[in-house]
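Trainee: Below is a structure I'd like to ask you about.
Each reported figure results from applying straightforward, stated rules to the coordinates on display, with no laboratory input. Note that the structure is predicted; figures quoted are calculated from it, not measured. Because the Cβ atoms are built from the backbone with ideal geometry, glycine has one as well, and the counts that use them run over all protein chains shown.
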Amino acid sequence: MTKRQHLEAINTPVFSTISEAAKELSLDSYVIGGFVRDYLLQRGTPKDIDIVAIGSGIELAKLVAKKLPGSSEVSIFKNFGTAMIKFQDIEIEFVGARKESYHRESRKPVVENGSLQDDQKRRDFTINALAISLNSKDFGQLLDPFDGIGDLKRQLIRTPLDPSITYSDDPLRMMRAIRFATQLNFIIHPESLQAIADNKVRIKIISNERIVDELHKILASPKPSIGFSLLHSTGLLPFILPELVGLEGIEEIEGQRHKDNFWHTLEVVDNIAEHTDNVWLRWAALLHDIGKAPTKKFDKKIGWTFHGHEFVGSKMIYKLFKRLRLPLNEKMKYVQKMVLMSSRPIVLSEDFVTDSAVRRLIFEAGEHVEDLMTLCEADITTKNPKKQKRYRNNFKIVRQKIEEVEERDHIRNFQPPISGEEIMKTFNLRPSKEIGMIKEAIKEAILEGEIPNEYNAAYSLMLQKGKEMGLHLN
Ligand code: ATP
Ligand code: MG
């Protein structure tokens, strides 16, 4: 064990209070796991702190809550033998040191009290097993039984014990290994990687909620493709996102090839990660081409086609979200819309960019029109510099046009300039299909540029349409 002191890491009232409380209870305590790892990697302010007590974590939490001004009440999770308090937006988790043994059918271990060493052994990775002592006799000493420090330096994800047993015991760790490799840009130790591949089927016992938590974290990383290509190479991907697996491969008929849409997708996700932190837009990038597998066809004259893949892809989203327990709310609708519209700016930019086409684009994308442009720009993965330049330039023109048109016509948050009620009053109508028809005619005229998006012009058009339909004024 290293004898290095890490006083700086624990030089805050939180840790001195925990230390004091533990002393009063005559038990030893340590800060362990993510907090220590992220401190050593200088990864910024922690969101959570994990404390191990050699004894009752719950009792320690109770006393700390009493002593620490401004801390929340203690939440106790009796079944897990853990307790949590919140302090300045940080969750502090307390657990008694434990020894774990597993049964094959579940990721719930049999738990006994144990020593710090026992507790470090049950941790998933060497870099997550690092602990710093909060005891007065050696306050600040780093306890690193598995050379986690060395692995931090080598940028290596490695399990403290036999990787095959570690992953089989709790298959969520396979997702965590890949997630940490992605977040930290670390390598997974070859034996670990092999063990993940060997145990991939075990992922089936993990709930989709837990899997999606990790997927979110992978997607939120600076270079999400690291994670997805690991999910692919270990064989986990088919259990999680089979829709993406279907995109892999290049087919050739009569000398014509299409691009590999799986690797293309990963490039798109990395591109978009450079321009947005919106994880739902990143989801849209990940899923934007899933309709290409079911729509792929070869035509002797025009070669490979994926007609309607945006529509088919957007229709696949609901089932995918439901299966993965992703939210079936406006977030899903947003992803569906992005996928459905993912080719629109491209089609538009290939032609002369008319005002009415831009108005329609803004109308349909609404407040998400910028996100849609960001997606389309990320979709440019051609390695041909000439094409690359042309596409970028086309999108620049579309963006400028969007700004121009929006400033003039205010389509983004389109509200019909004439309400249904006003139409009803004007022609003395009860709710009826005529009202919808007049509203639609006004909207169409605005989008086509036949009338400006203004009340007076819309009012005149309403009167004209009413007359044509044989309606009488009130
Ligand atoms: P982050 O908070 O950034 O997700 P973390 O390492 O703190 O990373 P937590 O889920 O907060 O992850 O878990 C805290 C600690 O608990 C980990 O550092 C690790 O030591 C241990 N741990 C968490 N999940 C597992 C697991 N499935 N198997 C073994 N140990 C685990
Ligand atoms: Mg944590």
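Trainee: Can you bin segment 420-468 into rounded, prolate or oblate? Criterion: square roots of the alpha carbon gyration tensor eigenvalues sorted a ≥ b ≥ c, rounded for a/c under 1.5, prolate for a/b above b/c, oblate for the rest.
Mentor: Values: a/c = 2.08, a/b = 1.75, b/c = 1.19.
Prolate.
Trainee: Could you state the number of Å between the C-alpha centres of segment 336-372 and segment 434-474?
Mentor: 25 Å
Trainee: Give the lysines reachable from Lys217 as a straight Cα distance under 16 Å; neighbours fewer than 8 places away on the same chain don't count.
Mentor: Output for Lys217: Lys47.
Trainee: Same structure, new question: Give Lys99/Lys322; Lys62/Lys331; Lys315/Lys433; Lys333/Lys439 a once-over and call out the pairs whose C-alpha atoms are over 27 Å from each other.
Mentor: Details: Lys99/Lys322 37 Å; Lys62/Lys331 39 Å; Lys315/Lys433 29 Å; Lys333/Lys439 25 Å.
Violating the 27 Å Cα-Cα cut-off are Lys99/Lys322; Lys62/Lys331; Lys315/Lys433.
Trainee: For Lys465, go through the aspartates and glutamates and keep the ones whose alpha-carbon is under 18 Å away, minus same-chain ones fewer than eight residues off.
Mentor: By straight Cα distance, Lys465 reaches Glu421, Glu422, Glu434, Glu440, Glu444, Glu448, Glu450, Glu454.
Trainee: Name the residues whose placed amide hydrogens come within less than 5 Å of the amide hydrogen of Leu143, ignoring near sequence neighbours (fewer than 5 apart) on the same chain.
Mentor: Long-range HN contacts for Leu143: Ala131, Ile132, Ser133.
Trainee: Based on DSSP loop calls and a cut-off of at most 15 other Cβ atoms within 10 Å, the longest stretch of the chain free of exposed GluC sites (Glu not before Pro) is what? List each step's numbers first, then the result.
Mentor: Working: sites that count: Glu73, Glu105, Glu248, Glu251, Glu254, Glu274, Glu350, Glu450, Glu454.
Longest site-free region, per DSSP loop and neighbour criteria: 106-247.
Trainee: Using only DSSP helix segments of four residues or longer, with each worth -39500 (n - 2.57), what per-residue ellipticity at 222 nm results for the chain after dividing by its residue count and rounding to 500?
Mentor: After summing the helix terms and dividing by the residues of the chain, the value is -15000 deg cm²/dmol.
Trainee: Can you tell me how segment 9-160 classifies by the Cα gyration tensor, rounded, prolate or oblate, using a/c under 1.5 as the rounded cut? List each step's numbers first, then the result.
Mentor: Numbers: a/c = 1.59, a/b = 1.16, b/c = 1.37.
Verdict is oblate for segment 9-160.
Trainee: Just to confirm my numbers, what's the Cα centroid distance between segment 15-60 and segment 258-323 in Å?
Mentor: First find each Cα centre; the distance between them is then 45 Å.
Trainee: Is there a quick way to get the dipole size of the chain? I mean about its Cα centre, with the Cβ of Lys and Arg at +1 and of Asp and Glu at -1; what is the value in debye to the nearest 20?
Mentor: With only Lys, Arg, Asp and Glu charged at Cβ, the dipole is about 740 debye.
Trainee: I would also like to ask the following. Find which of Thr426, Ser343, Ile205 sits farthest along the positive direction of the dipole of the chain, computed with +1 on the beta-carbon of Lys and Arg, -1 on that of Asp and Glu, about the Cα centre.
Mentor: Most positive-ward Cα: Ile205.
Trainee: Could you work out the Rg to Rh ratio of the chain, with Rh taken as the Kirkwood radius (inverse of the mean 1/r over all Cα pairs)?
Mentor: For the chain, the value is 1.10.
Trainee: Please list 3J(HN,Hα) in residue order for segment 151-164, calculated via the Karplus relation 6.51 cos²θ - 1.76 cosθ + 1.60 where θ = phi - 60°; whole Hz, with x for glycine and proline.
Mentor: Listing the rounded values in order: 5, 4, 5, 7, 6, 10, 9, 9, 8, x, 10, 3, x, 4 Hz.
Trainee: Turning to a different aspect of this structure: If you filter segment 1-99 for trypsin sites (Lys or Arg not before Pro), then keep DSSP loop positions with at most 14 other Cβ within 10 Å, what is left?
Mentor: Details: sites: Lys3, Arg4, Lys23, Arg37, Arg43, Lys47, Lys62, Lys66, Lys67, Lys78, Lys86, Arg98, Lys99; in loops: Lys3, Arg4, Arg43, Lys47.
Passing sites in segment 1-99 are Lys3, Arg4, Arg43, Lys47.
Trainee: In addition: Each residue of segment 135-144 in turn: what ³J(HN,Hα) in whole Hz from Karplus with 6.51, -1.76, 1.60 and θ = phi - 60°, glycine and Pro shown as x?
Mentor: For segment 135-144, the Karplus-derived couplings read 8, 4, 5, 9, 3, x, 7, 8, 10, 9 Hz, x marking Gly and Pro.
Trainee: If we count every other residue with Cβ under 15 angstrom of Ser225's Cβ, Lys/Arg +1 and Asp/Glu -1, where does the sum land?
Mentor: Residues close to Ser225 contribute a combined charge of -3.
Trainee: Counting Lys and Arg as +1 and Asp and Glu as -1, each charge on the Cβ, what is the dipole of segment 420-468 about the Cα centre in debye, to the nearest 20?
Mentor: 260 debye
Trainee: Reachable aspartates and glutamates from Lys297, Cα under 13 Å, same-chain residues fewer than 8 places away excluded?
Mentor: Here the aspartates and glutamates satisfying the reach criterion relative to Lys297 are Glu251, Glu252.
Trainee: For segment 156-240, what log10 I(q)/I(0) values come out of the Debye formula at q = 0.13, 0.16, 0.22 1/Å, with one point per alpha carbon and no solvent?
Mentor: -0.33, -0.51, -1.01
Trainee: A further question on this structure: What percent does the relative contact order of segment 3-154 come to when contacts are Cα pairs within less than 8 Å and at least six residues apart?
Mentor: Values: 289 pairs, mean separation 41.1, N = 152.
Relative CO of segment 3-154 lands at 27 percent.
Trainee: Further question on the same structure: Of Leu27, Asn79, Ala129, which is farthest towards the positive pole of segment 3-154's charge dipole, taken about the Cα centre with +1 and -1 on the beta-carbons of Lys, Arg and Asp, Glu respectively?
Mentor: The residue sitting most towards the positive pole is Ala129.
Trainee: Among Ile451, Gly436, Ile10, which residue has its Cα positioned farthest towards the positive end of the charge dipole of the chain, with +1 placed on the Cβ of Lys and Arg, -1 on the Cβ of Asp and Glu, and the dipole taken about the Cα centre?
Mentor: Positive-most Cα among the choices belongs to Gly436.
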